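Have a look at the structure below before the remarks.
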Amino acid sequence: MKFLLITDLHQHHSALGWINEEIEEYKVDFVIHLGDVTDMGTSKDAVDLLSKINSKVYVLPGNCDPRDMPEKIADVAVDMHGKKTVIEGHTFVGMGGGNASPFGTPFELTDDELYDGLKENASEGMILMTHAPSYGMLDTIPTGAHVGCPAIKKIVDEYHPILAMSGHIHEAIGCETVGDTTFVNPGPAKDGYSAVITVDGKNIDVKMLHHRGV
C-alpha cells in the first residue's frame with residue numbers, strides 16, 4: 001500500500017500541478033490530505049480543490065476549514081473526520097480540526113472532543129490521521145514551545161499506532177519513530193511539501209518530498 005500524504009494546502013491552487021505529477025510518478029494507490037484544504041474558505045472552495053486531485057482522496061478538515069466541510073465533500077473525497085476505514089487490512093482512524101489556539105480559527109475542538117472522537121474508533125496498531133500533532137511530537141513552533149494536542153498524545157500512548165500523521169505546525173516538518181510509532185508531518189503543501197508512504201505489514205517507509213519553485 002502506497003499513498004501520497006499532503007496537508008495544509010491553504011487554497012494554493014498552484015500546488016495541484018505538482019501534486020498530480022507526484023500521484024503519477026510514484027504510482028500511489030490514493031492520497032491522504034490532513035486538512036487546511038482552504039484558508040478560511042468555504043466548503044465550495046474545498047470541493048473545487050479536492051475535485052482537481054487525480055486520485056481517491058481521504059481528507060480531514062483542518063482548523064482553517066469550514067465546519068460544514070466534512071458533510072459537503074462526499075462527492076469528491078472520503079471524509080475521515082471522526083471516522084475509520086480499513087484499507088488493505090489496516091485500520092485508518094481520523095480526526096480533524098485543531099486544538100484550542102489564541103487565533104480563534106473556524107474548526108477548533110476541545111481536548112475532550114478530540115479524545116472522545118478518536119477513542120470511539122481507535123484500535124491497537126491503527127494508522128492515525130489527525131490535523132493537529134500529538135503533544136511533544138513534530139509540534140514545535142519557532143519560539144521553541146510545544147503546541148501539540150495532549151488528547152492525541154493520550155490516544156497514541158493508549159493504542160500505539162504504527163503510523164501517526166499530522167500537519168498544522170508548518171515549521172515542524174519531519175519523520176521520527178518513537179517506540180512502535182512512526183510520526184510524520186510532511187510539511188505544508190502550499191510550500192511544495194509532501195511525503196510518499198509505503199506500508200507493508202508493520203513496516204513503514206517514508207519518503208519526504210519537496211517540490212521546489214512553488
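Around the amide H of Ala164, modelled in the peptide plane, lie the amide H atoms of Leu128, Thr182, Phe183, Val184, all under 5 Å away and 5 or more residues distant in sequence or on another chain. For the stretch 4-62, the list of trypsin sites (Lys or Arg not before Pro) that fall in a loop by DSSP and count at most 11 other C-beta atoms within 10 angstrom reads Lys27. Could you work out how far the C-alpha centroid of the stretch 101-168 sits from that of the stretch 16-85, in angstrom? Answer, in whole Å: 19.
By DSSP, the beta bridges lying fully in the stretch 1-130 are antiparallel in about 25 percent of cases. Each residue of the stretch 34-48 is assigned a 3J(HN,Hα), and the resulting list reads 8, x, 6, 5, 9, 10, 6, x, 9, 5, 4, 4, 5, 4, 4 Hz, derived from the Karplus form 6.51 cos²θ - 1.76 cosθ + 1.60 (θ = phi - 60°), x at Gly and Pro.
Which whole number in µm²/s is D for the stretch 85-178 by Stokes-Einstein, with the Kirkwood Rh taken over Cα pairs at 4 °C and 1.567 mPa s? Roughly 96 µm²/s, to the nearest whole number.
Within the stretch 108-214, none of the chymotrypsin sites (Phe, Trp or Tyr not before Pro) combine a DSSP coil assignment with at most 12 other C-beta atoms in a 10 angstrom radius.
Looking at the chain, identify the longest residue range that excludes and avoids all GluC sites (Glu not before Pro) in DSSP loops having at most 14 other Cβ atoms within 10 Å. Maximal segment without exposed cleavage sites: 1-87.
Once a ≥ b ≥ c are taken as the square roots of the eigenvalues of the Cα gyration tensor of the stretch 62-103, is the result rounded (a/c under 1.5), prolate (a/b larger than b/c) or oblate (a/b not larger than b/c)? It comes out oblate by the Cα gyration axes. Over all other residues within a Cβ to Cβ distance under 13 Å of Asp45, the charged ones net out to -2, with Lys and Arg as +1 and Asp and Glu as -1. Annotation: lysines with alpha-carbon distance below 24 angstrom to Lys2 (same-chain offsets under eight excluded): Lys27, Lys52, Lys56, Lys83, Lys84, Lys190, Lys202, Lys207.
Kirkwood radius and radius of gyration were both taken over the C-alpha atoms of the stretch 42-133, and their ratio Rg/Rh is 0.97.
Using every Cα-Cα pair within the chain, state what percent have a distance larger than 21 Å. Counting every Cα pair in the chain, those more than 21 Å apart make up 46 percent. Counting only DSSP H runs of at least 4 residues, each contributing -39500 (n - 2.57), and dividing by the residue count of the chain, the helix-based mean residue ellipticity at 222 nm comes to -5000 deg cm²/dmol. For the stretch 7-74, the alpha-carbon radius of gyration amounts to 1.03 times the rule-of-thumb value 2.2 N^0.38 Å expected for a compact globular protein. Comparing Gly96, Gly179, Gly125 in a Gaussian network model of the chain, where Cα atoms under 10 Å apart are tied by springs, the biggest mean-square fluctuation is seen for Gly179.
Every read-out reported here was derived from the displayed coordinates using simple, explicitly stated rules and does not represent laboratory data. These numbers were taken from a predicted model, which means no experiment stands behind them. Please note: Cβ atoms are built from the backbone with ideal geometry, for glycine as well, and neighbour counts cover all protein chains shown.
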